[in-house]
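These notes concern the structure reproduced below.
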Amino acid sequence: MNEKSGPDENGSLGQTDPSNTTGPSNEIGVVKGRGVSKGKVAAFVMSALLVVYLVLVFQHALLFIGTGAPAGVAIGVALIVFPIVGAWALYRELLFGFRTQKLVGLLRDDDLLPVDDLPKRPSGRPFRAAADADFETYRDEVEAAPESWQAWFRLGLAYDASGDRKRARKALRQAIAFYEKA
């Protein structure tokens, strides 16, 4: 039976082996467990809270504009612009999450997710020195195939394991761009 984890038919990260429901996965960036992943629940809760916040801010913006005072109108307009920017940012983050989840599923289906056998801290994060040493493999893979979305995605996972979230997101965005071009 396949014990690898990845997005199930509902898009949630789960496992395919019902006899093993706990413990870390051997795939980088994939969490074993049943049902909806913690990340999805957190994203949903944060999205719902942001929507409530945006509605309340919009209501207050209309009240400020309704005063007719120049300062009130300026504050009201600013309160309308900020929620629009917030909604755009929320959309972009959710889109990034959905796209990366799709690519994880494709790599898992092709058995191309890297195996996470790095020594770990009690928190579950790998020791940085070990992650940095493992990182070289994935950087070399990108240099050998610079337009491979799979190589860029694995590089992003390696950056994440090394603790460099900014470069991890940049590499994952590059992987998404190459995937969409293909």
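For GLU141, are the conditions met, namely being of a type in the set (D, E, K, R) and within 15 Å of ILE176 (Cβ to Cβ)? Give the steps one after another, and end with the answer.
Numbers: of a type in the set (D, E, K, R): yes; within 15 Å of ILE176 (Cβ to Cβ): no.
Here the answer is no, as GLU141 does not meet what is asked.
Residues LEU94, LEU49: which one is part of a helix (DSSP H, G or I), open to solvent by 80 Å² or more (accessible area, probe 1.4 Å), modelled with pLDDT of 50 or more and not aromatic (Phe, Trp, Tyr)? Give the derivation first.
Working: LEU94 fails: open to solvent by 80 Å² or more (accessible area, probe 1.4 Å).
Step by step, each of LEU94, LEU49 is checked, and only LEU49 is part of a helix (DSSP H, G or I), open to solvent by 80 Å² or more (accessible area, probe 1.4 Å), modelled with pLDDT of 50 or more and not aromatic (Phe, Trp, Tyr).
Pick from LEU56, LEU79: which is of a type outside the set (Lys, Arg), open to solvent by 70 Å² or more (accessible area, probe 1.4 Å) and modelled with pLDDT of 90 or more?
On the way: LEU79 fails: open to solvent by 70 Å² or more (accessible area, probe 1.4 Å).
None of the others qualify; the one that does is LEU56.
Considering only region 100-109, I want to know if a residue exists there that is open to solvent by 80 Å² or more (accessible area, probe 1.4 Å) and more than 18 Å from ARG169 (Cβ to Cβ). Outline the logic, then answer.
Start the filter on region 100-109 by keeping residues that are open to solvent by 80 Å² or more (accessible area, probe 1.4 Å), which leaves 102, 109.
Restricting the remaining residues to those that are more than 18 Å from ARG169 (Cβ to Cβ) gives 109.
Yes, region 100-109 contains at least one residue that is open to solvent by 80 Å² or more (accessible area, probe 1.4 Å) and more than 18 Å from ARG169 (Cβ to Cβ).
The values are calculated or read from the model by the stated rules, or taken from the named source; none is laboratory data. This one's a predicted model, so the numbers in the text were calculated from it and none came from an experiment. Note that each Cβ is placed from the backbone with ideal geometry, even for glycine, and that neighbours are counted across all protein chains shown. Side chains included, ligands, DNA and RNA excluded: accessible areas come from the protein's heavy atoms. Shrake-Rupley method; radii C 1.70, N 1.55, O 1.52, S 1.80 Å.
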